[in-house]
Amino acid sequence: MRIFSCETHINHALDMFVAEAKTFPNMDKLKDDEKLSTNCTYCEEAAIYIVADEE
């Protein structure tokens, strides 16, 4: 499971991940080249974070 999030929606992304996966995720900032083409899962803003169960 992977959720891309902007600064505004990071708390919601963490809550949704924990609710669905029943475990705490890894949260990392996206690299500069990934930020350019990745939108937030919850809005049209550029994603800053990735919340995922993989490294």
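Read-outs: derived from the displayed coordinates by stated rules, not from any lab. These numbers were taken from a predicted model, which means no experiment stands behind them. Backbone-built Cβ (ideal geometry, glycine too); neighbour counts: all protein chains shown.
Key figures for this structure:
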item: Filtered residues of region 14-55 (kept if under 11 Å from residue 2 (Cα atoms) and in contact with a Leu (Cβ under 8 Å, 6 or more places away or on another chain)); result: 25, 27, 49, 50, 51
item: Tabulated pairs, region 4-25, first at negative phi and buried (at least 18 other Cβ atoms within 10 Å of the Cβ), second part of a helix (DSSP H, G or I) and of a type in the set (Val, Ile, Thr), C-beta under 8 angstrom, 6+ apart or interchain; result: 25/18
